[in-house]
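Working notes, structure below.
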Amino acid sequence: MQGMTNGDAKPGQQAGEARAARRIPRSVIGLAVAIVILAVVGFLLIARLIDSNKERELDAWYRQLGLVADSRAAAVDDWLSAQRAAIDGVAGNPTVQFFMTELAWAGRLEDVTDGDARLQILRNYLLFSAEQTGFTAPPEGADVPANIERKARAGIAILTRDGKPVAATPWTPRITDRLGGLDALARSGESRMIGPFKGETGEPSLAVVAPIAAFEGGASEDGAVGFVVGVRLLGQSLAERLSQPGDQTRTGRSYLVAREGDRLRYLAGAEDAPAPALPADSQRLAAAFAAQVPGEYALRIDYLGNPVLVTGRALTQAPWILVRTVSAEEALGEAEARARSLMIIFALVLVSLVVGVLLLWRHGASVRVAEAASRHAALADQLERLTRFLRTVTDSQPTAIAAVDADGHFRFVNRKGADDVRMAIPDILGKTIAAVFGAARGRGLDADNREALATSRPVSRIRSFEDDTGERIVKSDHIPIEIPDGIAGGAGGPGVLMVIEDVTELVTERERRENTLRQLVTTLATIIDGRDPYAARHSRMVADVAEAIAQDMGLDDVTVETAEIAGALMNLGKALVPREILTRGGELSSSELDAIRNSILKSAELLKDVEFDGPVVETIRQVQAHWDGSGLPPGLAGEDILITARIVAVANAFVGMISARAYRDPLPMDEVIRLLLQQVGTVFDRKPVAALVNYLDNRGGRAKWEAISRETARFGQNRQ
C-alpha cells in the first residue's frame with residue numbers, strides 16, 4: 001500500500017512541475033499589463049499629436065496661401081495700375097493736351113493750325129504708345145481683299161468732350177455705349193477702369209478712360225477738353241500675374257472674381273469653371289468665402305466640387321477679389337500619410353515590445369546587449385569609412401569647400417581651401433571667416449552667408465580682391481545646410497556650405513577674346529566699306545542703328561551685341577563682288593543685282609565657322625526675310641524670323657535711305673520714316689520700326705543721323 005502510494009505520487013509531482021513550467025511568470029504578466037496600458041496611453045497621445053500636426057500643417061499652408069495671395073494681388077494691382085498709368089500718360093502728354101485744347105477752342109479741325117499734320121502726329125504717337133504699353137492686338141480674321149468685316153480687339157483713341165472720336169490706332173474697338181457719365185469723369189479729373197467685359201470678339205477685355213486736362217490758358221470750365229480711351233485684352237499678360245514664380249504646389253491656383261449683385265463672375269484664371277457666374281452667398285463655395293471675408297482662411301469646395309484650402313485678397317485698383325486655393329489632398333495628404341505611418345510605427349513598436357519581452361524571457365538580456373554592441377561597432381565602422389570617403393572626395397576637388405555655422409565659425413574645410421589661405425586644416429576649424437580671410441574679404445563672404453541663411457536659398461557672387469600676385473577674381477556659392485552634431489566638436493544647427501573658385505584666368509581670357517573679336521569686326525567693316533566709296537561707313541552705321549534699336553527695345557546684352565555685330569558684318573560678302581558693280585552709277589543687270597543680293601548669304605558662309613556668343617551667322621542669313629514671308633529665305637515669316645534679323649533689316653534700310661548713293665541724294669528723315677511705316681506688316685516687323693521712331697524722336701537720334709545724312713550728301717557731291 002505504501003509502495004502504491006509512493007508510486008502514485010511520482011506522476012502527480014511530474015504533472016505539477018509541468019504545470020509550473022507552463023505557468024507564465026508574474027514579471028511577464030506585469031510587462032503585458034504595462035504594454036496594454038502603454039498602448040492605450042500611446043494611442044491617445046498619438047491622436048493628440050496627429051491633431052496638433054494637422055493644425056500646424058494647416059497653419060503653414062495658410063501662411064503660404066497668404067504669401068502667394070498677397071504677392072499675386074500686388075502683381076495684379078501693379079498691372080492694373082500700369083494700364084491706368086499708360087492711359088494717364090497719353091492724356092497728360094503736352095502735345096495731346098495742346099491739340100485738344102486748341103480743338104475745343106476752335107470747334108472744328110479745319111480751324112486748328114496745321115490740323116491735319118498735327119493729327120497725323122497724334123496718330124503716330126497713339127500707335128507707338130499702344131505698341132509700347134500692350135494696348136494693341138491684330139483684328140480677328142485674316143486680312144483678305146474681300147468685303148468681310150473684321151472685329152477689332154484693342155487700341156487707343158482720343159475723344160472730344162462730348163465723346164466724338166478725334167484720332168485712334170487702327171482697329172480700335174468702339175465702346176462708346178460703355179463709357180457713360182463722361183461729365184462726372186471730366187469733373188473728377190481722374191481716370192476710370194471699365195470692365196472686364198466681352199469685346200467684339202467675345203474675348204475678356206478691359207478699358208481705361210482718362211480725361212484730358214486743358215492746356216494752361218485753355219478754355220474749359222472744368223479743365224477737361226476730351227478723353228483718352230484705351231482698350232486691351234486681359235489675355236496672357238494678366239494670366240502671367242496670376243502665376244506665382246517658383247510655385248512648387250501641384251494644385252495651387254490663383255484666379256479673379258467680381259461680385260455682381262448676388263452672383264460671382266469669374267474673370268481670369270478659372271477658364272475651366274462650369275459656369276461664368278455662381279451664387280455669391282454660398283456657404284460652401286471657396287470663391288464666395290474669399291469674397292465675403294477677404295484675408296480669412298477656410299476649407300471649402302472649389303467650383304469643380306473639390307475640397308480646397310482658400311483665402312482671398314481685395315484688390316485696390318479694381319473691385320475684384322483674388323482667390324488663392326490649393327487642394328486639400330495636396331495640403332493635408334502628407335500629414336494624413338504621416339499620421340497613418342505614425343500609427344503603423346507605433347503598432348510595430350508595440351509588437352516589437354511584445355516580441356522583445358518574449359525574447360527577454362527566452363534568451364535573456366545578455367544576448368540582446370551583445371547584438372546591440374555588435375551593431376553599434378558595425379555602424380561606427382561604417383561611419384568612419386564614410387567620413388574618410390567624403391574627406392577624400394572633397395580634398396580631390398579643384399575648388400575650395402568649407403562649411404561655417406550660423407555664427408561664422410569654420411566647421412569643415414577641404415585641403416584646397418586650407419592651401420588657398422596657407423593654413424593647416426586644424427588651425428582653421430573654429431576660427432571666424434574674418435580671422436581666416438582677413439577683415440575686408442571676410443565681410444563680403446559673411447554678408448553672403450547671412451543672406452543665404454535669411455532667405456534659405458543659395459547665393460552666388462563674383463568679387464575681386466588684391467593679393468601678393470595682383471588682382472584676383474573669385475566666384476563663391478553659398479548654400480544653406482543643416483550641420484550635424486559633432487562636426488568639429490560643435491553642436492548641430494543651421495550653417496552654410498561655401499564653394500569658392502578662382503575664375504581670374506577664365507574672366508581674363510573671355511575679356512581678351514571679346515576685345516579681339518570686336519577689333520576684328522571693326523577692321524572687317526572698314527575693309528568692306530572701303531570697296532564702295534558711296535557706302536563709306538555703311539556697315540558701321542548699320543551696326544550703330546541696330547544697337548540703338550535693340551537697346552530701345554530693352555533686349556539683353558547678348559542680343560544687343562548680336563544685332564550690332566551682324567549689322568557690321570552683313571556686307572562682308574561684297575568682298576567677292578567686283579568693285580565696278582558696287583560703284584556703277586547706272587542701272588545694274590539682273591545678274592549683277594543677284595550678285596549683290598547673294599553677297600549677304602556669302603557673308604554668312606564666310607563667317608559660319610567663327611564662334612560668336614549670339615546667333616550672328618543665322619541673323620545674317622535671315623536679314624533679307626520679310627515679315628509676310630515674301631523675302632529670303634522663302635516662306636520665313638513673322639515671329640519665326642530672329643528678332644536680331646528683323647532689327648538689322650530695319651537698320652540697313654534706314655541707313656541706306658538716309659545715305660547718298662551714286663544714283664541719288666539722301667532721302668529726308670520724315671520721308672524715310674514714312675516709307676518704313678508704310679512697309680510695316682509686309683517687309684518689316686512693327687516693333688523694331690516703332691523702337692527706331694522712338695529713338696529718333698525721343699532719344700536724340702534724329703539730330704545725330706540728320707547730320708550724318710548731310711555728311712553723306714556732301715561726300716556724294718565731292719565725288720561728282
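If I stretch the segment between Asp697 and Phe389 completely, what's the gain in nm (0.36 nm per residue apart, minus their alpha carbon distance), one decimal?
The span from Asp697 to Phe389 would gain 104.2 nm if fully extended.
Using Cα positions and a limit of under 25 Å, work out the lysines in reach of Lys608, with same-chain residues fewer than 8 apart set aside.
In chain and number order, the partners are Lys574.
Multiply the residue gap between Ser460 and Thr682 by 0.36 nm, knock off their C-alpha separation, and tell me the result in nm, one decimal place.
75.3 nm
How much space per residue, in cubic angstrom, does the convex hull of the C-alpha atoms of the stretch 603-647 take up?
With only Cα atoms used, the stretch 603-647 gives 64 Å³ per residue.
Using Cα pairs under 8 angstrom and six or more residues apart, how large is the relative contact order of the stretch 192-317, in percent?
13
Just grab the label-to-label distance for Lys151 and Asp116, each label 7 Å out from Cα along the Cβ direction, in nm (one decimal).
Taking the simple label geometry, Lys151 and Asp116 are separated by 3.6 nm.
Any idea what the dipole of the stretch 231-312 comes to, in debye rounded to 20, about its Cα centre with Lys/Arg Cβ at +1 and Asp/Glu Cβ at -1?
Taking the Cα centre of the stretch 231-312 as origin, the dipole is about 60 debye.
If packing is taken as the average count of other Cβ atoms within 10 Å, what order do 620-633, 233-246, 62-75 fall into, highest mean first?
Highest mean packing first, the order is 620-633, 62-75, 233-246.
Local charge sum around Arg338 (other residues, Cβ-Cβ under 15 Å, Lys/Arg +1, Asp/Glu -1)?
Surrounding charge for Arg338 is -3.
Using mean Cβ contacts within 10 Å as the protection proxy, how do 321-329, 415-423 order, highest first?
Packing proxy ranking, top to bottom: 321-329, 415-423.
Cross-link partners among aspartates and glutamates for Lys54, C-alpha distance below 12 Å, same-chain residues fewer than 8 apart left out?
Glu334, Glu336
Excluding residues on the same chain fewer than 8 positions from Lys164, give the lysines whose Cα lies under 21 Å from its Cα.
Within the straight-line cut-off, Lys164 pairs with Lys151.
Just so you know, all these numbers are worked out from the coordinates, no wet-lab data involved. Nothing here was measured: the structure is a model prediction, and the numbers come from that model. FYI the Cβ positions are ideal-geometry reconstructions off the backbone, even for glycines, and counts take in every protein chain you see.
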